[in-house]
Every structure is written in structure tokens, then in C-alpha cells.
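Here the structure comes first, spelled out in C-alpha cells, and everything after it is commentary.
The values are calculated or read from the model by the stated rules, or taken from the named source; none is laboratory data. Please read these numbers as outputs of a predicted model, since none were measured by experiment. We place every Cβ from the backbone using ideal geometry, glycine too, and count neighbours over all the protein chains shown.
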Amino acid sequence: MKMQHFCEQYYGSLCQEEGAISTADNASTADRWQQIKNDMSASPWPPSPPSAQTILMEELTAALQPHLLSRTQMWELGYPVEIEPNSTKAVMYMNAPPPRPTIFTSWNVNAPEFIPGSETNSGVISTGSTPRLDSEKATEEVEHLCVRCRKVFHMTRDGEYLTQGFCSYHWGRAADGYYACCNEGFGSKGCALSIFHVWNGTNPGMNGPLEGYVRPRSHRGGVYAIDTEMCYTTAGLELASVAVVDVNGQLVYQTYVRPSSSILCYNTRFSGIRPRNLQHATKTLRDVQNDLLEFVGTDTILVGHALENDFKVLKLLHTAVVDTCAMYPHARGLPMRRSLRVLSEEYLGRKIQQSSAGHSALEDARAVMDLILLKVKEDRAFTEHHLISNQLHEFQPYTPYLLVSVA
């Protein structure tokens, strides 16, 4: 039985039994039911794929307010935060990475990362320092944790290696007792080899105060998705490229960036950055900061995936942030996170990061924006669906058959 006929018969029987509904009331009820039918047909469930053109900027900004990260969340996720109001100095707290069980028994000297001059290395070679007095070493030596092999190594503050030794590591993710890169089990020797240990610019625990940060100073509005790619230098991870898109996925800003320190590894497998990309790059980090602040204001909402990493290399302080890591949380909760590649394939039906040349900042930024729009549209459809259900309950008794028909 169709829902409309069911309702007409249902309300008709009520009129005959109770005699309490007048002709005018019947007309009013029919009008209300027709309006609800129109609303339901205009808002299908489940929602269709995201479309930025159907969402006004004011509506999108309001819809994203519940998803903005709080200051506590930003701190827990490792975002750089200001030391004091209107300060350009930042601090951040980094949780210690989980232990990675590895046992190195031999070296693979044929690994691409081992060959000097390959596109995953810059050709910068350090063979250690000349002998120093103990007092000099105490003032210059800095301890770092290699983010690839998890070994501790030492450098001077000027970026000179004091610890010599090869870095043998697995570049793939570890899951179910195996590494995705080579399908070898935990405890196996690394399938990649480098002549350098590298770090990401931060160490476990408190980091700071950190200099050189900038912050928006005026209102500019808007919603933008941002993604960066980085390479390893003697100073840690540094910005190598950046891409920004608007709510329609249109490119707003994109450039390659020249790192300020010597490059140790271009991290091509993940960043997509190659020596030729930065050979003629003229933009510096300061240039990029100035460019971004031309359209990013205090009220501008920046969206991204694991955006704290982008803020670190951009040296940007900002509080209006939506992170897809929090919007689409892992079932096990933090510190577990779902990758952007998995989210894009599951929710958008789109495969990204498939190229052997590495990631694309522009492709990732567009995927992030579409994930954001999809979530907003789902929230809106969910709210309208329940609003319509509540309207039905306002003028009719409960009946499971009607509820099943509506659903």
C-alpha cells in the first residue's frame, strides 16, 4: 500500500471514529502532509555526492563550526600553539612513537636509497666532524631520533653529523605483523638503506619555544583546503611544495619552495618531490607565509588531513581548523588514524596516491575538500530527515507501519 493512500485511509478512519476532525482540519492536514512529501523528495536519504555549488559560503562556515578543533584537541594532536596571545613563538608536544621491532643483520647496498646521487638523495654527504674538546661537544651536540629506523643519532646545531652509520629501515606501514613495503615480518632487516639518519624537526615531548611563526591578523573569511609536501634536511622536515584549493576544488595557490637547509633526502616515494622540481625554485618559506596571509584571515577555516604536519613546516599559527583525521576517526581512537588514501577510496570512491612518482599536494587537497563537503551534506541530510520525522509525530499517533514506510 502506498504511503499516501495509507495516510489518507488512516486519517479518514480517525475522523469517522472520533468525529473530532472538521473539514477544515482535514484540509490543513492534507496541506501539511503534501509539504512534508515535498521536503522529503527535495532531501533524499542517503545524500547524493557532494556539490559545493549547492552550499552557500555562510551555510558551509556555519556547518563546519561543530567540527572545528578545540585548543585542547590541537594540543593533543601535536599542533603548534602560541606561547602567549598574539605571539609568534610556538610550542608543541609530541607523543613518543610506538616501538618498532626490528633486527638488522646485513645491509642491502643495492637499495636505491643507498646509491649517492639518486633522486631520493641530494648528494650531500657528511663523514663526521673533526675531533673536538669535550666541552665543545657538550655545547654543540644535539640528540635526535631517526624517524625511519628509530635509532638515536647526534648532530651539531649547524647540521653536521656526529653519529656515523647507515640507516636501514622499512618504508611501508606495519600491520598484522608484516611490513607493507616488502611483506616481511617484524624483526626482519630493513628493505631500504640510506647513508643518513633523518629526523622530522621535533623530538618526543615538549618542543619549543620555536621561532619564525606567523599568524593571520585580519578577517578574510573563506574555507580552503591545504596540503604540503616535505623533504628531509639537516634541520628536519622542511617545506618543499604547497597547494591550496577552494570549496569548488579550484586551485588558489601552488608553488615549489626552496628549503633553507641542506637537503638529505627528497622523500620522493611519498612527497613526489625530485631534484629537478626544486632546481629553479625561488620561493622561500617567508615568501609562502606572506602569500598565504594575503587570503587567510583569522576567521578563515583551513581544512586538511593531519594538518598539524602542514602547520609545522609552514610555521603557521591558526585556530580555525578542521582535520579529517578527527572528522573521520579511526575505530580504535587516537593515536590511530585513517589514511587519506583509505578515506578517499571508501567515502568518495576515488583512488588517490596511486602514482609511483609520489603524492600530489593538489590531488590530496581536493580529496580533503570533497571529504569535508560530503560530511557537511550528510549532516544536513541527517538533520532534515529527523526534522521531517518529528513533524510527522506532531500530528499523528505512533504507527510502526508508517515509520517503516517513511524510512
So which residues in the stretch 89-109 are at pLDDT 85 or above and part of a loop (DSSP other than H, G, I, E, B), if there are any at all? Lys89
Strands (runs of 3 or more DSSP E) within the stretch 166-253 that include 2 or more residues closer than 23 Å to Leu317 by Cα, touching a residue at least 12 places away in the same chain (Cβ under 8 Å) and hydroxyl-bearing (Ser, Thr, Tyr): 223-233
When you check Ala320 against the structure, is it out of contact with any Leu (no Cβ under 7 Å at 6 or more places or on another chain), of a type in the set (A, V, I, L, M, F, W, C) and either closer than 24 Å to Ala63 by Cα or at pLDDT 85 or above (or both), yes or no? no
Selection from the stretch 238-249 of residues modelled with pLDDT of 95 or more and not acidic (Asp, Glu) yields Leu239, Ala240, Ser241, Val242, Ala243, Val244, Val245
Keeping to the stretch 161-186, report how many residues are surrounded by fewer than 16 Cβ atoms within 10 Å (Cβ to Cβ) and over 30 Å from the mean Cα position of the chain (by Cα). 3
Considering every residue within the stretch 350-360, establish whether at least one is at pLDDT 75 or above and under 26 Å from Thr72 (Cβ atoms). no
So the check is Cβ under 9 Å with 6+ separation or different chains; which pairs have a first residue in the stretch 264-283 that's over 24 Å from Leu193 (Cβ atoms) and a second one that's in a helix (DSSP H, G or I)? Lys283/Asp291
For the stretch 268-280, does any single residue satisfy the condition of being assigned to a strand (DSSP E or B) and of a type outside the set (Asp, Glu)? no
Name every residue in the stretch 265-282 that is out of contact with any strand residue (DSSP E or B) (no Cβ under 6 Å at 6 or more places or on another chain), closer than 17 Å to Leu237 by Cα and among the hydroxyl-bearing types (Ser, Thr, Tyr), in order of residue number. Thr268
